[in-house]
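The values are calculated or read from the model by the stated rules, or taken from the named source; none is laboratory data. This structure is a prediction, so every number in the text was calculated from the model and none was measured. Counting neighbours? That spans all protein chains shown, and the Cβs are built from the backbone with ideal geometry, glycine included. For the accessible areas, the whole protein counts, side chains as well, though only heavy atoms, and no ligand, DNA or RNA atoms are used. Shrake-Rupley method; radii C 1.70, N 1.55, O 1.52, S 1.80 Å.
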Amino acid sequence: MLSSKLRQPIVVVLGHVDHGKTTLLDKIRGTALVKKEPGEMTQEVGASFVPSSVIEKLAEPLKNIIPIKLDIPGLLFIDTPGHELFSNLRRRGGSVADIAILVVDIVEGFQKQTIESVEILKERKVPFLVAANKIDRIPGWKVYDNEPFLFSFKKQSISVQKKLDELLYNNLVLQLASLNFNADRFDRVTDFTRNIAIIPVSGKTGEGIPELLAMLAGLTQRFMQGKLKFVEGPAKGVILEVKEDPGLGHTIDVIIYDGILKKNDIIILGGVNGTIVTKVRSLLLPSPLQDMRIAKTGYRSVDEVSAAAGVKISAPNLEEALAGSPIYSVDSDDKIPEFKKIIEDEISKVRFSRGVT
Ligand code: GDP
């Protein structure tokens, strides 16, 4: 059933090693933790949630420049950056990721894995923004912790401002042009359907994070309404990881990108020796105490999760589950053969494409 509700866009972070992907994600997670309303949860399994309330608060000082009123509930960031996990986020016809952040060190510019990232995003048809990272390393840069980029930029000397724009054009705009993408600094873009927005940031000082989050939320909400419509049906997801957890046995960490998954639902997923049909024993989310950075206390069990969400599933017969496999819940046994076939088809395609690339 279609409702007018929108789900949270799923965001991935890609880019060259050491360009600051992990640091940027940590900064975003930290910001969400500090700015969230009491009781709002930000930690999920394999992913972190940044509620819209946080984004609106951060974007408030920018309201004359980037007006933002959010209908999406927030953004769901996949916790593990890089190619490897991204390649496990397949779904039919593309990726589970709705949008990506391509992190590029503004001083170093495009490197081998930056180009590989652009190619893989193009192949999976995932739109992206560029985070021009490490602006605090530009010689003479004066740090204004956690400020919007535009405010901090205004307070820099003319020569530093010039240097930033020079690096941005030489190391990013021209490089993207050679890959057939038009791009510009986000505040100079007039048509976001034709130009990729580059947001200067520092994962270390937090400068530019308000604009990065505001642009991600604003653009996904504006251009992906259809894809983000929340559907109240059975769940669709992808397996991020198969684990053996103390006291829980084999479990799977899953990103649900559509529908609702409930305790006791029948689920179908891919396994090493064919499809697995089993029943959800429990749905687990990190315990709230972990959110407060207190020692690891395990998980809390919930009755259901709605897309988009990262959740740990405990169920019988998960020993042979395959990371990267699709997972579906079904609302009647009659549908099991149909979904088994869908999963077999999808997995054979993954194996085939891995075999030839
Ligand atoms: P990853 O390999 O892309 O995940 O990169 P990391 O997040 O591990 O960062 C690589 C190095 O760059 C680390 O030493 C970080 O502290 C440093 N770094 C990351 N972001 C910034 C930044 O914005 N400014 C500065 N000065 N250093 C940064």
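Summary table
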quantity	calculated
Single residue of segment 92-129 satisfying the filter (out of contact with any strand residue (DSSP E or B) (no Cβ under 6 Å at 6 or more places or on another chain), closer than 18 Å to Ile78 by Cβ and small (Gly, Ala, Ser)) that is modelled with the lowest pLDDT	Gly94
Filtered residues of segment 163-177 (kept if away from the ligand (no atom under 16 Å from the Cβ) and closer than 18 Å to Asp105 by Cβ)	Asp165, Glu166, Tyr169, Asn170, Val173, Leu174, Gln175, Leu176
Failed criterion for Gln221 (all others in (1) under 23 Å from the mean Cα position of the chain (by Cα); (2) modelled with pLDDT of 95 or more hold)	(2)
So Gly324, is it modelled with pLDDT under 95 and open to solvent by less than 30 Å² (accessible area, probe 1.4 Å)	yes
Long-range neighbours under 7 Å by Cβ, at least six apart or interchain, first residue β-branched (Val, Ile, Thr) within segment 7-26, second near the ligand (Cβ under 7 Å from one of its atoms)	Val13/Lys21; Val13/Leu24; Val13/Pro81; Val13/Val103; Thr22/Pro81; Thr23/Gly203; Thr23/Lys204
So Asn171, is it at pLDDT 95 or above, in contact with a Gly (Cβ under 6 Å, 6 or more places away or on another chain) and open to solvent by 10 Å² or more (accessible area, probe 1.4 Å)	yes
Pro61 being away from the ligand (no atom under 13 Å from the Cβ), open to solvent by 10 Å² or more (accessible area, probe 1.4 Å), of a type outside the set (Ser, Thr, Tyr) and within 14 Å of the chain's Cα centre (by Cα)	no
Residue that is modelled with the highest pLDDT [pool: residues in segment 1-38 that are more than 7 Å from the ligand (Cβ to nearest atom) and among the small types (Gly, Ala, Ser)]	Gly30
Test set (1) more than 16 Å from the ligand (Cβ to nearest atom); (2) free of Cβ contacts under 8 Å to residues at least 60 places away in the same chain - Val160 fails condition number	(1)
Single condition Gly140 does not satisfy, out of (1) over 18 Å from the mean Cα position of the chain (by Cα); (2) not in a loop (DSSP other than H, G, I, E, B)	(2)
Check on Ser87, more than 16 Å from the ligand (Cβ to nearest atom) and either within 22 Å of Ile256 (Cα to Cα) or at pLDDT below 90 (or both)	yes
Subset of segment 191-237 that is assigned to a strand (DSSP E or B) and either closer than 30 Å to Tyr328 by Cβ or without any contact (Cβ under 8 Å) to a residue 60 or more places away in the chain (or both) - its residue that is farthest from the ligand (Cβ to nearest atom)	Pro234
Positions within segment 200-219 being among the β-branched types (Val, Ile, Thr) and buried (at least 24 other Cβ atoms within 10 Å of the Cβ), in sequence order	Val201, Ile209
Single unsatisfied condition, Gly82 versus (1) more than 14 Å from the ligand (Cβ to nearest atom); (2) modelled with pLDDT of 90 or more	(1)
Test: Gly74 is more than 16 Å from the ligand (Cβ to nearest atom), open to solvent by less than 10 Å² (accessible area, probe 1.4 Å) and among the small types (Gly, Ala, Ser)	yes
